[in-house]
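This report refers to the structure that appears directly beneath it.
Where a number appears in this text, it was derived from the coordinates with a stated rule and is not lab data. All figures in this text were calculated on a predicted structure; none of them were measured in a lab. So basically every Cβ, Gly included, is an ideal-geometry build from the backbone, and we count neighbours across all protein chains shown.
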Amino acid sequence: MPYADSNGVKLYYEETGRGTPIVFVHEFADDLFSWEAQMRFFSRRYRCVAYNARGYPPSDVPKSASKYSQQIACDDIANVMRHLKIRQAHVIGCSMGGYATVHFGLNNPRMALSLTAVGVGFGSDPDKKAQFARDNAVMVKRFLELGTKEAIKPYRVGPSRVQYQNKDPRGFADFCAEFAEHSALGSANTLTSVQGKRPTIYSLERKLRNLKVPLHMVSGDEDDNCLEPGIFIKRVCPSAMLTVVANTGHAVNLEEPDLFNRITAEYLAQVDSGRWRPRDPRSLGKSTMAKK
């Protein structure tokens with residue numbers, strides 16, 4: 001099995017295709033196989049790499065929660081790229097992986113050709129901060145006391161997951177089966193030190209205003225915890241574009257793989273061809289009429 005070393009932690013990865021590199025970064029409830037539809041599609045013209053985050057076998061599962069954090073998750077992307085001698089890449093992440101993707105662009109802009117962040121912002125709503133902390137603590141306890149298979153039963157049918165269940169029962173069943181095999185300790189440590197301690201999207205406003213790397217935010221219109229943060233990023237980050245997908249929940253790449261592949265391919269083509277442009281500052285005027 002191929003592994004990349006990230007400061008002493010082995011990260012399992014898979015790669016296919018040739019061309020400009022794309023690195024895929026998975027969400028909390030899934031692993032690198034969540035990107036299978038994208039790996040098959042984009043490997044026809046790109047070099048595609050997907051890896052399992054720390055805590056997700058066959059990657060290492062550090063026992064200490066101190067070995068997990070938002071910054072460490074960001075560093076893991078960079079270290080996978082260095083291991084594969086990739087100087088620059090398009091980075092595409094979903095949810096937890098989308099958070100890491102945004103941070104990667106903020107911290108390592110020279111390594112990012114572009115960023116695509118799907119379903120980012122969970123836990124950012126200030127009115128739900130206490131609830132988010134309580135829910136997170138409950139899930140940590142469930143993982144440690146019940147094991148993964150039992151722990152995830154309420155999580156997998158949350159408000160932004162039922163859309164996937166309704167649209168594609170077979171795909172949803174595969175998703176649940178894969179999730180049930182995850183390490184309970186790895187999941188608990190990830191919730192404790194990554195999800196539970198990461199900064200909110202709103203706290204990144206100053207950095208986002210200065211981001212020059214092309215950023216594509218993708219959100220389902222029924223993903224209530226991430227839709228508003230996505231709109232916020234569009235408003236404050238000149239390099240951001242936003243796609244909202246109708247009748248869709250959290251993991252757009254799983255729910256609507258064909259649509260996601262098409263919109264992402266168009267975005268990457270704009271970046272690769274030099275046709276992508278940041279937002280025209282004239283569109284930010286307060287007046288509803290053009291200036292003379």
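Kindly indicate which of Lys10, Lys63, Lys85 is without any contact (Cβ under 8 Å) to a residue 12 or more places away in the chain, over 28 Å from Tyr164 (Cα atoms) and either touching a strand residue (DSSP E or B) at 6+ places or on another chain (Cβ under 8 Å) or not polar (S, T, N, Q) (or both).
The match here is Lys85.
For the stretch 90-119, what are the residues that are of a type in the set (A, V, I, L, M) and surrounded by fewer than 24 Cβ atoms within 10 Å (Cβ to Cβ)?
Those that are of a type in the set (A, V, I, L, M) and surrounded by fewer than 24 Cβ atoms within 10 Å (Cβ to Cβ): Leu106, Met111, Leu113.
Being small (Gly, Ala, Ser) and within 21 Å of Trp35 (Cβ to Cβ) is the filter; apply it to the stretch 234-266 and report the residue that is nearest to the chain's Cα centre (by Cα).
Once the filter is applied, the top-ranked residue is Ala251.
Taking the stretch 248-287 as the search range and keeping residues that are among the acidic types (Asp, Glu) and outside any loop (DSSP other than H, G, I, E, B), which one is nearest to Asn210 (Cα to Cα)?
Asp272
I'm trying to understand the selection: among the residues of the stretch 85-119, which are under 8 Å from the mean Cα position of the chain (by Cα), part of a helix (DSSP H, G or I) and among the small types (Gly, Ala, Ser)?
Within the stretch 85-119, Gly97, Gly98, Ala100 qualify.
Quick one: which of Arg198, Arg170 is without any contact (Cβ under 8 Å) to a residue 40 or more places away in the chain and either over 25 Å from Leu115 (Cβ atoms) or of a type outside the set (Asp, Glu) (or both)?
Going through Arg198, Arg170 in turn, just one is without any contact (Cβ under 8 Å) to a residue 40 or more places away in the chain and either over 25 Å from Leu115 (Cβ atoms) or of a type outside the set (Asp, Glu) (or both): Arg170.
I'd like to check something: does the stretch 150-167 contain any residue that is crowded, with 20+ Cβ neighbours inside 10 Å, of a type in the set (Lys, Arg), under 26 Å from Ile231 (Cβ atoms) and touching a residue at least 24 places away in the same chain (Cβ under 8 Å)? Give the steps one after another, and end with the answer.
As a first pass, look at the stretch 150-167 and keep what is crowded, with 20+ Cβ neighbours inside 10 Å: 151-152, 160-161, 163-164.
Subset that is of a type in the set (Lys, Arg): 161.
Retained after the next criterion (residues that are under 26 Å from Ile231 (Cβ atoms)): 161.
Retained after the next criterion (residues that are touching a residue at least 24 places away in the same chain (Cβ under 8 Å)): 161.
So far as the stretch 150-167 goes, yes, one or more of its residues are crowded, with 20+ Cβ neighbours inside 10 Å, of a type in the set (Lys, Arg), under 26 Å from Ile231 (Cβ atoms) and touching a residue at least 24 places away in the same chain (Cβ under 8 Å).
How about the stretch 73-84: which of its residues are closer than 24 Å to Phe42 by Cβ and assigned to a helix (DSSP H, G or I)?
If the condition is that a residue be closer than 24 Å to Phe42 by Cβ and assigned to a helix (DSSP H, G or I), then Ala73, Cys74, Asp76, Ile77, Ala78, Asn79, Val80, Met81, Arg82, His83 are the ones that fit.
Filter the stretch 130-148 down to the residues that are in contact (Cβ under 8 Å) with a residue 60 or more places away in the chain and not small (Gly, Ala, Ser) and list them by number. Before you say what the answer is, go through the steps one by one.
First, the residues of the stretch 130-148 that are in contact (Cβ under 8 Å) with a residue 60 or more places away in the chain: 133, 136.
Correct list: Asn136 only.
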